[in-house]
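The values are calculated or read from the model by the stated rules, or taken from the named source; none is laboratory data. Since the structure is predicted, the reported quantities are computational estimates derived from the model, not experimental observations. When we count neighbours, we look across all protein chains shown, and the Cβ atoms used for this are built from the backbone with ideal geometry, even at glycine. With ligands, DNA and RNA removed, areas are computed over all heavy atoms of the protein, side chains included. Shrake-Rupley method; radii C 1.70, N 1.55, O 1.52, S 1.80 Å.
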Amino acid sequence: MIEDPSPAANTYPARRGQFRNGMEYLTWGNGAKTALFLQGGPGSELPAGMLLRLFQRRFRPYVAAGFAVWVLTRRRHMRAGHSVADMADDVAQAITDELGGRVDLVVGESYGGMIAQYLAARHPGRVAYTAIVAAAAEVSAWGKQVDSQMAQGVVDGDAAAAGGAILEYLLPRDRLGVLRRLLRPGLGRLMIARYKTVPRDDLLIESRAEVAFDSRAVLPSIRGPVLLICGDRDQFFTRDVVEETAALIRGCSLIWYAGKGHMKTAASGRVASDVLAFAARD
(Lines give C-alpha, C1' and ligand atoms only; values in the text may rest on other atoms or scores of the structure.)
Protein backbone atom coordinates (compact mmCIF):
# COMPACT_ATOMS: atom_id res chain seq x y z
CA MET A 1 0.00 0.00 0.00
CA ILE A 2 1.53 3.32 -1.12
CA GLU A 3 0.15 6.42 0.59
CA ASP A 4 0.34 10.14 -0.08
CA PRO A 5 -1.02 12.09 2.92
CA SER A 6 -3.06 15.07 1.67
CA PRO A 7 -5.05 16.88 4.37
CA ALA A 8 -8.32 18.31 3.12
CA ALA A 9 -10.29 21.30 4.32
CA ASN A 10 -12.58 19.07 6.37
CA THR A 11 -12.94 17.76 9.89
CA TYR A 12 -11.54 14.42 8.72
CA PRO A 13 -8.23 14.67 6.81
CA ALA A 14 -8.07 12.46 3.73
CA ARG A 15 -5.25 10.16 2.64
CA ARG A 16 -4.65 9.01 -0.91
CA GLY A 17 -2.75 6.04 -2.19
CA GLN A 18 -2.68 3.03 -4.46
CA PHE A 19 -3.16 -0.62 -3.60
CA ARG A 20 -0.72 -3.19 -4.93
CA ASN A 21 -3.26 -4.42 -7.49
CA GLY A 22 -3.42 -0.98 -9.15
CA MET A 23 -6.60 0.37 -7.54
CA GLU A 24 -6.32 3.91 -6.21
CA TYR A 25 -8.03 4.92 -2.98
CA LEU A 26 -9.04 7.88 -0.86
CA THR A 27 -9.76 7.31 2.84
CA TRP A 28 -10.74 9.33 5.88
CA GLY A 29 -12.21 8.73 9.32
CA ASN A 30 -10.74 6.44 11.95
CA GLY A 31 -13.76 4.41 13.04
CA ALA A 32 -13.50 0.74 13.90
CA LYS A 33 -15.84 -0.21 11.05
CA THR A 34 -15.00 -0.01 7.33
CA ALA A 35 -17.29 1.41 4.63
CA LEU A 36 -16.16 0.89 1.04
CA PHE A 37 -17.60 3.12 -1.70
CA LEU A 38 -17.54 1.90 -5.32
CA GLN A 39 -17.98 4.76 -7.76
CA GLY A 40 -20.07 5.18 -10.87
CA GLY A 41 -18.64 5.07 -14.38
CA PRO A 42 -17.49 4.29 -16.99
CA GLY A 43 -14.26 5.73 -15.66
CA SER A 44 -13.36 6.38 -12.03
CA GLU A 45 -11.07 8.92 -10.45
CA LEU A 46 -10.40 10.22 -6.95
CA PRO A 47 -12.12 13.49 -6.08
CA ALA A 48 -10.01 16.55 -5.34
CA GLY A 49 -10.59 20.17 -4.39
CA MET A 50 -14.22 21.18 -4.14
CA LEU A 51 -15.37 17.73 -5.25
CA LEU A 52 -13.41 16.17 -2.40
CA ARG A 53 -15.09 18.48 0.10
CA LEU A 54 -18.48 17.53 -1.33
CA PHE A 55 -17.60 13.85 -1.01
CA GLN A 56 -16.56 14.31 2.61
CA ARG A 57 -19.75 16.17 3.41
CA ARG A 58 -21.77 13.44 1.72
CA PHE A 59 -20.05 10.70 3.74
CA ARG A 60 -19.93 12.57 7.03
CA PRO A 61 -22.86 10.53 8.44
CA TYR A 62 -20.86 7.32 7.91
CA VAL A 63 -17.86 8.71 9.78
CA ALA A 64 -20.14 9.94 12.57
CA ALA A 65 -21.58 6.40 12.77
CA GLY A 66 -18.12 4.96 13.42
CA PHE A 67 -16.95 4.07 9.91
CA ALA A 68 -13.65 4.72 8.21
CA VAL A 69 -14.61 5.54 4.60
CA TRP A 70 -12.66 4.20 1.62
CA VAL A 71 -13.39 5.44 -1.93
CA LEU A 72 -11.91 3.20 -4.63
CA THR A 73 -11.21 3.58 -8.32
CA ARG A 74 -11.14 0.64 -10.66
CA ARG A 75 -7.70 -0.88 -11.15
CA ARG A 76 -5.56 0.95 -13.68
CA HIS A 77 -4.47 -0.54 -17.02
CA MET A 78 -6.99 -3.36 -17.14
CA ARG A 79 -6.58 -5.97 -19.83
CA ALA A 80 -8.93 -6.01 -22.81
CA GLY A 81 -12.06 -7.98 -21.98
CA HIS A 82 -11.92 -7.23 -18.25
CA SER A 83 -15.52 -7.73 -17.14
CA VAL A 84 -17.65 -6.34 -14.31
CA ALA A 85 -17.17 -9.71 -12.57
CA ASP A 86 -13.40 -9.27 -12.93
CA MET A 87 -13.68 -5.79 -11.39
CA ALA A 88 -15.50 -7.34 -8.43
CA ASP A 89 -12.61 -9.80 -8.08
CA ASP A 90 -10.23 -6.82 -8.02
CA VAL A 91 -12.19 -5.30 -5.13
CA ALA A 92 -12.18 -8.63 -3.28
CA GLN A 93 -8.41 -8.84 -3.73
CA ALA A 94 -7.99 -5.34 -2.28
CA ILE A 95 -10.16 -6.27 0.70
CA THR A 96 -8.13 -9.44 1.26
CA ASP A 97 -4.69 -7.92 0.82
CA GLU A 98 -5.17 -4.41 2.19
CA LEU A 99 -8.29 -4.16 4.39
CA GLY A 100 -8.07 -7.08 6.74
CA GLY A 101 -10.03 -9.59 4.67
CA ARG A 102 -13.53 -8.27 5.35
CA VAL A 103 -15.37 -4.93 5.31
CA ASP A 104 -18.50 -4.02 7.23
CA LEU A 105 -20.32 -2.18 4.45
CA VAL A 106 -20.03 -1.80 0.68
CA VAL A 107 -21.95 1.01 -1.01
CA GLY A 108 -21.95 0.61 -4.79
CA GLU A 109 -23.37 3.49 -6.79
CA SER A 110 -24.45 3.10 -10.45
CA TYR A 111 -21.51 1.32 -12.14
CA GLY A 112 -20.17 0.60 -8.66
CA GLY A 113 -23.52 -0.99 -7.85
CA MET A 114 -23.05 -3.34 -10.78
CA ILE A 115 -19.69 -4.38 -9.35
CA ALA A 116 -21.18 -4.74 -5.87
CA GLN A 117 -23.64 -7.35 -7.16
CA TYR A 118 -20.82 -9.60 -8.32
CA LEU A 119 -18.79 -8.88 -5.19
CA ALA A 120 -21.67 -10.06 -2.97
CA ALA A 121 -22.29 -13.12 -5.15
CA ARG A 122 -18.70 -14.28 -5.73
CA HIS A 123 -17.06 -13.19 -2.46
CA PRO A 124 -19.63 -13.49 0.32
CA GLY A 125 -17.03 -13.70 3.07
CA ARG A 126 -15.57 -10.30 2.20
CA VAL A 127 -18.63 -8.10 2.89
CA ALA A 128 -21.07 -7.92 5.80
CA TYR A 129 -23.69 -5.56 4.27
CA THR A 130 -24.12 -4.54 0.62
CA ALA A 131 -26.01 -1.41 -0.48
CA ILE A 132 -26.67 -1.07 -4.22
CA VAL A 133 -27.66 2.49 -5.18
CA ALA A 134 -29.08 3.37 -8.60
CA ALA A 135 -28.15 0.04 -10.18
CA ALA A 136 -29.74 -3.29 -11.07
CA ALA A 137 -29.13 -6.47 -13.07
CA GLU A 138 -28.82 -4.89 -16.53
CA VAL A 139 -28.40 -1.42 -18.03
CA SER A 140 -31.09 -0.23 -20.43
CA ALA A 141 -30.32 -0.04 -24.15
CA TRP A 142 -30.50 3.76 -23.89
CA GLY A 143 -28.02 3.78 -21.01
CA LYS A 144 -25.55 1.54 -22.82
CA GLN A 145 -25.66 3.79 -25.89
CA VAL A 146 -25.22 7.02 -23.91
CA ASP A 147 -22.34 5.75 -21.78
CA SER A 148 -20.60 4.25 -24.82
CA GLN A 149 -20.86 7.62 -26.59
CA MET A 150 -19.46 9.43 -23.56
CA ALA A 151 -16.49 7.07 -23.16
CA GLN A 152 -15.64 7.11 -26.86
CA GLY A 153 -15.95 10.89 -26.97
CA VAL A 154 -13.52 11.32 -24.07
CA VAL A 155 -11.05 8.85 -25.59
CA ASP A 156 -11.22 10.60 -28.98
CA GLY A 157 -11.04 14.08 -27.45
CA ASP A 158 -14.37 14.80 -29.15
CA ALA A 159 -15.96 17.42 -26.92
CA ALA A 160 -19.20 17.53 -28.91
CA ALA A 161 -19.75 13.78 -28.58
CA ALA A 162 -18.82 13.63 -24.88
CA GLY A 163 -20.90 16.71 -24.10
CA GLY A 164 -23.85 15.36 -26.05
CA ALA A 165 -23.81 12.22 -23.93
CA ILE A 166 -23.78 14.20 -20.69
CA LEU A 167 -26.70 16.28 -21.93
CA GLU A 168 -28.65 13.07 -22.44
CA TYR A 169 -28.35 12.63 -18.66
CA LEU A 170 -29.29 16.21 -17.86
CA LEU A 171 -31.78 17.10 -20.60
CA PRO A 172 -33.15 13.82 -21.98
CA ARG A 173 -35.47 13.41 -24.96
CA ASP A 174 -34.08 16.33 -26.99
CA ARG A 175 -35.52 19.00 -24.75
CA LEU A 176 -34.23 22.59 -25.15
CA GLY A 177 -32.43 21.89 -28.41
CA VAL A 178 -30.78 25.32 -28.74
CA LEU A 179 -29.47 25.24 -25.19
CA ARG A 180 -28.16 21.71 -25.73
CA ARG A 181 -26.17 22.82 -28.77
CA LEU A 182 -24.67 25.73 -26.83
CA LEU A 183 -23.73 23.66 -23.80
CA ARG A 184 -22.42 20.55 -25.59
CA PRO A 185 -18.79 21.60 -26.34
CA GLY A 186 -18.15 23.11 -22.91
CA LEU A 187 -19.55 20.14 -21.05
CA GLY A 188 -17.55 17.82 -23.26
CA ARG A 189 -14.31 19.65 -22.48
CA LEU A 190 -15.10 19.38 -18.75
CA MET A 191 -15.58 15.62 -19.09
CA ILE A 192 -12.34 15.21 -21.02
CA ALA A 193 -10.48 17.20 -18.34
CA ARG A 194 -12.19 15.29 -15.53
CA TYR A 195 -10.96 11.95 -16.82
CA LYS A 196 -7.43 13.09 -17.65
CA THR A 197 -5.92 10.74 -15.03
CA VAL A 198 -7.91 7.71 -16.24
CA PRO A 199 -6.10 5.57 -18.84
CA ARG A 200 -8.04 5.89 -22.08
CA ASP A 201 -8.08 2.14 -22.69
CA ASP A 202 -9.65 1.65 -19.26
CA LEU A 203 -12.56 3.90 -20.22
CA LEU A 204 -13.30 1.79 -23.25
CA ILE A 205 -12.88 -1.46 -21.32
CA GLU A 206 -15.37 -0.27 -18.70
CA SER A 207 -17.79 0.88 -21.38
CA ARG A 208 -17.66 -2.49 -23.17
CA ALA A 209 -18.03 -4.34 -19.87
CA GLU A 210 -21.16 -2.30 -19.15
CA VAL A 211 -22.68 -3.29 -22.48
CA ALA A 212 -22.02 -6.97 -21.72
CA PHE A 213 -23.17 -6.75 -18.08
CA ASP A 214 -26.05 -8.98 -16.98
CA SER A 215 -25.91 -10.23 -13.40
CA ARG A 216 -29.16 -12.24 -13.34
CA ALA A 217 -27.42 -15.61 -13.28
CA VAL A 218 -25.46 -14.89 -10.09
CA LEU A 219 -28.00 -12.92 -8.06
CA PRO A 220 -29.73 -15.99 -6.53
CA SER A 221 -26.39 -17.06 -5.02
CA ILE A 222 -26.16 -13.93 -2.85
CA ARG A 223 -26.74 -14.75 0.81
CA GLY A 224 -25.63 -11.64 2.69
CA PRO A 225 -27.98 -8.72 3.50
CA VAL A 226 -28.58 -6.49 0.46
CA LEU A 227 -30.29 -3.10 0.20
CA LEU A 228 -31.36 -1.87 -3.23
CA ILE A 229 -32.14 1.85 -3.62
CA CYS A 230 -33.47 3.06 -6.98
CA GLY A 231 -35.45 5.95 -8.41
CA ASP A 232 -38.69 5.12 -10.16
CA ARG A 233 -37.72 7.39 -13.09
CA ASP A 234 -34.24 5.96 -13.66
CA GLN A 235 -33.55 5.60 -17.39
CA PHE A 236 -30.43 3.49 -16.88
CA PHE A 237 -32.08 0.87 -14.67
CA THR A 238 -35.77 0.62 -15.45
CA ARG A 239 -38.43 -0.25 -12.90
CA ASP A 240 -39.09 -3.72 -14.26
CA VAL A 241 -35.39 -4.65 -14.13
CA VAL A 242 -35.06 -3.25 -10.60
CA GLU A 243 -38.03 -5.30 -9.42
CA GLU A 244 -36.61 -8.40 -11.11
CA THR A 245 -33.24 -7.77 -9.44
CA ALA A 246 -34.80 -7.50 -5.98
CA ALA A 247 -36.80 -10.68 -6.55
CA LEU A 248 -33.67 -12.63 -7.56
CA ILE A 249 -31.73 -11.70 -4.38
CA ARG A 250 -32.90 -13.65 -1.35
CA GLY A 251 -34.20 -11.29 1.35
CA CYS A 252 -33.33 -8.14 -0.61
CA SER A 253 -34.69 -4.88 0.84
CA LEU A 254 -35.90 -2.47 -1.87
CA ILE A 255 -36.44 1.27 -1.36
CA TRP A 256 -37.93 3.37 -4.15
CA TYR A 257 -37.17 7.09 -4.40
CA ALA A 258 -40.38 8.43 -5.89
CA GLY A 259 -40.06 10.88 -8.76
CA LYS A 260 -36.27 10.62 -8.96
CA GLY A 261 -34.12 9.63 -11.89
CA HIS A 262 -30.64 8.15 -11.94
CA MET A 263 -28.50 11.11 -10.93
CA LYS A 264 -30.93 12.54 -8.37
CA THR A 265 -31.20 9.16 -6.67
CA ALA A 266 -27.43 8.80 -6.39
CA ALA A 267 -27.05 12.36 -5.09
CA SER A 268 -29.96 12.22 -2.66
CA GLY A 269 -29.30 13.14 0.96
CA ARG A 270 -31.55 10.24 1.94
CA VAL A 271 -29.06 7.60 0.84
CA ALA A 272 -26.76 7.82 3.86
CA SER A 273 -29.58 7.58 6.40
CA ASP A 274 -31.25 4.70 4.56
CA VAL A 275 -27.99 2.77 4.18
CA LEU A 276 -26.93 3.33 7.79
CA ALA A 277 -30.32 2.20 9.08
CA PHE A 278 -29.97 -0.94 6.95
CA ALA A 279 -26.42 -1.63 8.18
CA ALA A 280 -27.43 -1.15 11.81
CA ARG A 281 -30.05 -3.87 11.81
CA ASP A 282 -29.34 -7.23 13.43
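Filtering segment 183-203 to residues that are surrounded by fewer than 19 Cβ atoms within 10 Å (Cβ to Cβ) and either within 25 Å of Ala116 (Cα to Cα) or touching a strand residue (DSSP E or B) at 6+ places or on another chain (Cβ under 7 Å) (or both) leaves Arg194, Thr197, Pro199, Arg200, Asp201.
A search for C-beta distances below 9 Å between a residue of segment 263-282 that is more than 19 Å from Thr34 (Cβ to Cβ) and any residue that is modelled with pLDDT under 95 and of a type in the set (Val, Ile, Thr), counting only pairs 6+ apart in sequence or on different chains, returns nothing.
So is Asp97 in a helix (DSSP H, G or I), within 27 Å of Pro124 (Cβ to Cβ), charged (D, E, K, R) and over 19 Å from the mean Cα position of the chain (by Cα) or not? Considered against the rule, which asks whether it is in a helix (DSSP H, G or I), within 27 Å of Pro124 (Cβ to Cβ), charged (D, E, K, R) and over 19 Å from the mean Cα position of the chain (by Cα), Asp97 comes out as yes. Within segment 42-65, the set of residues being over 21 Å from Asp104 (Cβ atoms) and open to solvent by less than 20 Å² (accessible area, probe 1.4 Å) comprises Pro42, Gly43, Ser44, Glu45, Pro47, Leu52. Comparison of Leu99, Leu119 shows that the only residue that is aliphatic (A, V, I, L, M) and under 27 Å from Ser268 (Cα atoms) is Leu119. Go through the residues of segment 184-197 one by one and say whether even a single one is closer than 26 Å to Leu72 by Cβ, at pLDDT 90 or above and basic (Lys, Arg). No, segment 184-197 contains no residue that is closer than 26 Å to Leu72 by Cβ, at pLDDT 90 or above and basic (Lys, Arg).
The residues on offer are Met87, Met114, and the sole one that is within 18 Å of Met263 (Cβ to Cβ), modelled with pLDDT of 95 or more and buried (at least 24 other Cβ atoms within 10 Å of the Cβ) is Met114. The lone criterion from (1) modelled with pLDDT under 95; (2) touching a Ser or Thr at 6+ places or on another chain (Cβ under 6 Å); (3) of a type in the set (S, T, N, Q) left unmet by Thr238 is number (1). If you check Thr245 against the conditions, is it polar (S, T, N, Q) and more than 19 Å from Ala88 (Cβ to Cβ)? Here the answer is no, as Thr245 does not meet what is asked. Close Cβ contacts (under 9 Å, 6 or more residues apart or on different chains) running from residues in segment 51-76 that are over 22 Å from Ala209 (Cβ atoms) and modelled with pLDDT of 95 or more to residues that are among the basic types (Lys, Arg) and open to solvent by 30 Å² or more (accessible area, probe 1.4 Å) comprise Tyr62/Lys33; Ala65/Lys33; Gly66/Lys33; Phe67/Lys33; Ala68/Lys33. Condition check: in contact (Cβ under 8 Å) with a residue 24 or more places away in the chain and within 23 Å of Ala217 (Cβ to Cβ). Does Ala151 satisfy that? The answer is no for Ala151. Screening segment 21-41 for residues that are farther than 28 Å from Gly153 by Cα and among the hydroxyl-bearing types (Ser, Thr, Tyr) and picking the one that is least open to solvent (accessible area, probe 1.4 Å) gives Thr27.
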